[in-house]
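As structure tokens, the structure follows; a few thoughts come after it.
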Amino acid sequence: MKYQELEKTKEYKYGFTTDIESVKAPRGLNKDIIRFISKIKKEPEWMLNWRLKAYARLQSVKEPNWQKPKYPKINYQNLYYYSAPKSVKNKPKNIDEVDPKLIETYAKLGIPLKEQEKLSGIAVDAVFDSVSVATTFKKKLTEKGIIFCPISEAIQKHSDLVKKYLGSVIPITDHYFATLNSAVFTDGSFVYVPEGVRCPMELSTYFRINASQTGQFERTLIIADKGSYVSYLEGCTAPMRDENQLHAANVELVAFDDAEIKYSTVQNWYPGDKDGKGGIYNFVTKRGVCRGKNSKISWTQVETGSAITWKYPSCILQGDNSVGEFYSIAITNNHQKADTGTKMIHLGKNTKSKIISKGISAGHADNTYRGLVDISKNASRARNYTQCDSLLMGNKCGAHTVPYIKNKNSSAIVEHEATTSKINEDQLYYCNQRGLDQEEAVSLIINGFCKEVLQQLPMEFAVEAQKLVDISLEGSVG
Amino acid sequence: MLEIKNLQVSINNKQIIKGLNLTIKPGELHAVMGPNGSGKSTLANVLSGKNGYEISGELNFNGKSLKKIPTEKRAQRGIFLAFQYPLEIPGVNTNNFLKTSLNSIRKAKGEKEIDSLSFLKLVKEKTSELGIDEKILSRQLNVGFSGGEKKKNEILQMKILDPNLSILDETDSGLDIDALRIIAKGVNSSRNKKKSFLVITHYQRLLDYIKPDFVHVLSDGKIVKTGCSELAEEVEKTGYKKLN
């Protein structure tokens with residue numbers, strides 16, 4: 001990337017706020033708030049009861065606290081759990097009816113919803129605070145029988161599917177944040193790909209937090225029926241604010257026989273300022289189940305934002321011969337912290353998993369890879385390959401690798417490789433001697449380091465992600 | 001082109017180069033020979049602008065002092081160093097690295113960036129000229145390269161970047177005779193009235209293939225003897241000790 005371009009993007013590019021009138025639920029967390037959310041979403045009775053059950057459960061569970069990055073106690077009664085632009089109250093039927101201010105917001109974020117429909121071949125669902133504001137390409141997808149819509153819409157229109165699968169991978173009893181999400185989730189995406197259908201385009205959801213003191217509780221559910229294929233990508237940004245905002249999402253994936261789900265994340269929530277003030281707490285539960293034989297779930301994440309990133313996108317490899325993959329780049333700069341990795345639970349025979357994790361720390365940041373490879377008694381000939389590489393820039397940052405391996409089957413093969421390195425002065429000198437300045441040299445070396453993961457991203461996003469990697473580390477060397 | 005006057009270089013308070021004078025004119029090829037620890041590689045590093053040295057004396061390139069010029073600017077002005085130990089950069093495609101490098105140098109000169117097609121053509125031309133297998137260019141930069149491949153890659157870069165002053169830091173050491181010929185070919189085919197070379201070597205062997213205009217013997221941080229190519233043969237016969 002050119003130096004001048006870097007100069008321009010030094011600050012967090014997406015830090016603006018949209019001045020738009022919003023409808024908010026009163027502050028606080030109680031049964032009435034949950035009823036309010038359920039009512040405004042016009043949910044059926046069962047959904048409300050499900051939420052209330054989760055809420056009841058929440059009263060008896062405690063926030064986990066084993067993670068490496070600690071944070072000040074969150075006052076859950078002081079948060080808003082629902083915020084929506086007023087103009088979305090009567091839901092627009094198509095893009096032309098969407099509030100121009102929202103269209104403009106997404107255009108500023110590089111997601112031109114209107115042209116999007118015509119130009120690029122990617123279907124987008126845009127989620128603003130607690131509601132979905134627009135979904136593109138609906139018609140084309142419907143022709144193939146693919147359902148791609150806000151989950152709030154799916155709860156009304158595809159109630160049977162949602163009822164059957166919601167909470168089937170992440171039960172409401174899972175852990176504190178998953179339970180909290182189950183009680184108060186507001187929007188997110190729902191995808192159903194019918195048997196034998198290969199989704200003809202990338203599906204993408206763009207999450208934006210705008211309102212202050214608001215938690216965002218995204219819920220996404222993707223079901224790939226037998227022999228189907230879908231590639232899904234999510235992107236995230238938020239305005240610059242002094243406070244810490246909570247994003248606690250639940251994402252569930254279900255893959256049946258011979259189906260494949262590819263889930264990519266480019267997470268660029270506001271990371272806080274240089275001194276560590278503000279930023280998003282990104283506490284997310286992502287889990288997929290390879291329910292059928294020969295199914296495959298692949299997670300790719302590029303995590304560059306957030307004050308704290310705490311997530312372990314996982315695969316339950318239930319079907320025989322199923323495959324789980326996890327490709328991750330986690331970049332922490334300034335005072336950012338990350339504790340991320342994956343869990344690969346091998347249940348079926350001949351199940352395979354692959355974990356490639358690249359952690360980069362700069363400034364005062366702290367980056368932890370934490371992963372679990374669990375091979376059950378029946379998972380004969382299961383295979384896992386794990387590679388964790390950490391790169392340190394400067395001497396005030398930290399990198400940690402915490403791999404857990406549980407193997408209960410003697411025919412399984414588990415491999416773990418890990419490296420920790422610093423950007424080598426001699427490598428920089430070599431690049432400099434070939435005419436590359438410091439920024440170009442760092443960018444080249446970092447992109448080389450991340451290459452295996454960047455390659456996994458859909459083409460359109462790989463370029464974007466590469467730029468993001470450059471920007472996130474801007475000024476951290478030399 | 002290059003003018004070094006009374007150069008003194010220390011690292012960690014230890015003086016390595018102790019008053020070195022050397023002038024290289026356009027079109028000249030100078031060989032610097034010397035025993036281990038005489039300061040040969042330090043000289044190459046100082047010329048290319050590596051950090052960490054304390055330097056006094058004059059260091060001029062095309063009439064301008066180099067002392068405050070960072071490494072990449074020196075490279076952009078046409079100083080090239082073929083490394084004794086080329087660095088491995090995992091994940092970076094060699095072709096891509098070369099193109100990025102060439103373009104940053106072209107940009108600094110105010111020239112247009114080279115497009116992919118012309119670049120590929122240039123690469124093809126230079127690899128076949130040198131007799132280097134094109135395949136190494138699609139591999140990660142120097143990763144898993146043999147010693148010979150690394151050195152050949154340095155010479156290929158030199159050919160493509162087309163610098164004014166090329167410094168070869170013991171490029172010949174550890175090479176078999178075929179690789180040595182490729183290196184020599186790379187240098188000889190680049191020689192003309194405008195291009196200058198500083199070839200640092202332990203042995204006279206390389207100088208059988210590359211005929212220097214001048215040979216300098218470096219010992220304990222100073223040039224102790226200068227002559228024409230016969231000097232190299234003399235050194236080979238009698239060793240460095242006699243020259244002190």
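The values are calculated or read from the model by the stated rules, or taken from the named source; none is laboratory data. Not measured: the values here are computed from a predicted model. FYI the Cβ positions are ideal-geometry reconstructions off the backbone, even for glycines, and counts take in every protein chain you see. Side chains included, ligands, DNA and RNA excluded: accessible areas come from the protein's heavy atoms. Shrake-Rupley method; radii C 1.70, N 1.55, O 1.52, S 1.80 Å.
Tabulated data for the structure shown
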| read-out | value |
| --- | --- |
| B:Thr238, A:Thr304, reordered so the largest accessible area comes first (probe 1.4 Å) | B:Thr238, A:Thr304 |
| Residues in the stretch A:413-442 that, when all protein chains are in place, have 40 Å² or more less accessible area than the chain alone would give (probe 1.4 Å) | A:Asp426, A:Gln427, A:Tyr429, A:Tyr430, A:Asn432, A:Gln433, A:Arg434, A:Gly435, A:Leu436 |
| Set of aspartates and glutamates near B:Lys68 by C-alpha distance (under 17 Å), chain-local residues within fewer than 8 positions excluded | A:Asp437, B:Glu3, B:Glu54, B:Glu58 |
| 3J(HN,Hα) from dihedral phi, the stretch A:292-305, Karplus parametrisation 6.51/-1.76/1.60, rounded to Hz, x for glycine, proline | x, 6, 6, 8, 9, 10, 10, 9, 10, 10, 10, 9, 10, x |
| List A:Arg219, A:Arg287, B:Arg77, B:Arg106, ordered by accessible area with a 1.4 Å probe, largest first | B:Arg77, B:Arg106, A:Arg287, A:Arg219 |
| Convex hull volume per residue in cubic angstrom - Cα atoms of the stretch B:1-128 | 153 Å³ |
| Directionally averaged shadow of the stretch B:197-244, computed from the convex hull of its alpha-carbon atoms, nm² | 3.2 nm² |
| DSSP beta bridge pairing in the stretch B:2-243, given as percent antiparallel to the nearest 5 | 55 percent |
| Accessible-area composition of the stretch B:2-243, carbon plus sulfur, in percent [1.4 Å probe] | 48 percent |
| Estimated [θ] at 222 nm from DSSP helical runs (n ≥ 4, -39500 (n - 2.57)) normalised by residues in chain B, nearest 500 | -10000 deg cm²/dmol |
| Residue-level accessible surface for A:Glu45, protein heavy atoms, 1.4 Å, Å² | 130 Å² |
| Rounded to the nearest 10 Å², the accessible area of A:Tyr71 at probe 1.4 Å | 40 Å² |
| Exceeding the 31 Å Cα-Cα cut-off - candidates A:Lys296/A:Lys377; A:Lys73/A:Lys274; A:Lys451/B:Lys67 | A:Lys451/B:Lys67 |
| Cα-based radius of gyration of the stretch A:270-368 once divided by 2.2 N^0.38 Å, which approximates compact folds | 1.23 |
| Heavy-atom accessible surface that A and B bury in contact, both chains counted, 1.4 Å, Å² to 100 | 2000 Å² |
| With DNA, RNA and ligands ignored, accessible area of A:Glu260 (1.4 Å probe; Å², nearest 10) | 50 Å² |
| When each of B:Lys40/B:Lys237; A:Lys277/A:Lys343; B:Lys5/B:Lys222; B:Lys64/B:Lys193; B:Lys124/B:Lys193; A:Lys337/A:Lys396 is checked by Cα-Cα distance, pairs over 23 Å | A:Lys277/A:Lys343; B:Lys124/B:Lys193 |
| Nearby aspartates and glutamates by direct alpha-carbon distance to B:Lys241 (threshold 13 angstrom, same-chain neighbours under 8 apart not counted) | B:Asp220 |
| Translational diffusion coefficient (Stokes-Einstein; Kirkwood radius from C-alpha pairs) of the stretch B:2-243 at 4 °C, 1.567 mPa s, in µm²/s | 70 µm²/s |
| Positions from the stretch B:36-64 whose accessible area shrinks by 30 Å² or more when the full protein complex is built, not the chain alone, probe 1.4 Å | B:Lys50 |
| Average beta-carbon neighbours from other chains, 10 Å sphere, peptide B:71-80 | 5 |
| Kirkwood-based Rg to Rh ratio, the protein assembly as shown, C-alpha trace | 1.07 |
| Accessible area per residue in Å² at 1.4 Å probe, computed on the stretch B:2-243 | 45 Å² |
| DSSP bridge orientation in the protein assembly as shown - percent antiparallel, rounded to nearest 5 | 20 percent |
| Relative contact order %, the stretch B:2-243, counting alpha carbon pairs below 8 Å whose residues are six or more apart | 29 percent |
| Accessible surface ranking that places the most exposed of B:Tyr203, A:Tyr14 first, with a 1.4 angstrom probe | B:Tyr203, A:Tyr14 |
| Pair A:Lys277, A:Ser421: separation of 7 Å Cα→Cβ label points (nm) | 3.9 nm |
| Value of Rg/Rh across the stretch A:328-444 [Cα atoms, Kirkwood radius] | 1.13 |
| √(5λ) per eigenvalue of the Cα gyration tensor, the stretch A:141-217, largest first, Å | 25, 17, 11 |
